[in-house]
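In what follows, a single structure is set out as structure tokens and then discussed.
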Amino acid sequence: MSEKPDLLHKPRRFYKAATVSSVDGGFAVHLDGRTPKSPAKSPLILPTPALAQLVADEWEAQEKVIDSTVMPATRLAFTAIDRISETRAEVAREVAAYAGSDLLCYRAEHPTPLVERQDREWQPVLDWAGQTLGVTFTPVAGIIHSPQPPQTLAAVEALALSLDDFSLAGVAYAAGLLGSTVLALAVRAGQIDGQRALDLSRLEELFQAEQWGQDDEARLRAQLLSVEARVLEQWFAALRQ
């Protein structure tokens, strides 16, 4: 049987084993003893052995070809290595911008069961951010943009800048995936897991699905998002080890 067309132009797996070893500056992924390079030609070196193993496992899982579309931890590692160190201030502003329109701050006006669920499930995460991170958000009803306090956004930006490159890469990616910097920071801290964060970010969508059902396309999209959320959870857990 011939290979699928979308696999024909992907590089073939050229190595027998993906392993991890300690090197100067961290822990390197090795492919038969050689370290792969990022798109900017930097070696694939991670700050913790657990994170290096997470990435190495993706390389080991490749079969006949190397398919980067199913290697989210590797892609995130390359982003951290190639982009974050050069653009930390810009990425921190992106994280603060997501906080400025954080999903958890925009509550439905109706129906009442959805309003109550959002308050019950979202507010504890905002309370955690205020108590633990010192960033206070003001929820509003409706979808019209309402600016958050300038001191909140300044505190979020400062917090983002305080993170190492790999944590900042993960928070920036998670904030975009979830539409919420607060959820991203909660996953980073281990306060909630990746699937819980994703469910909270999709709360209204899940509520509607309970009422009217869910089509196959929406179900597939949810499954793909779950994979991304799980990898983010593993990413942050590996950084804490």
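What the table below lists for this structure:
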item: Overall dimensions of segment 1-85 as given by Cα atoms, namely Rg and Dmax in Å; result: 13.1, 45
item: Packing-based exposure ordering (other Cβ within 10 Å, fewest first) of E58, E63; result: E63, E58
item: Candidates P111, P36, P49: whichever shows maximal mean-square fluctuation once the chain is modelled as a Gaussian network with Cα springs under 10 Å; result: P111
item: Integer Hz, Karplus 6.51/-1.76/1.60 couplings in order for segment 138-154, x for Gly and Pro; result: 10, x, 9, 9, x, 9, 5, 4, 10, x, 7, x, x, 5, 5, 5, 5
item: Gyration tensor (Cα) of segment 85-240, equivalent ellipsoid semi-axes in angstrom; result: 25, 20, 13
item: Virtual spin-label span in nm between H110 and R230, 7 Å along Cα→Cβ; result: 4.0
item: CD proxy at 222 nm, helix term only [per DSSP H run n ≥ 4: -39500 (n - 2.57); per residue of the chain; nearest 500]; result: -17500 deg cm²/dmol
item: Relative contact order (%) - segment 85-240, alpha-carbon pairs under 8 angstrom, separation at least six; result: 27
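FYI, it's all coordinate maths here, none of it is from the lab. As the structure is a prediction and not an experimental result, all values here were calculated from the model. Glycine gets a Cβ as well: all are built from the backbone with ideal geometry, and neighbour counts include every protein chain shown.
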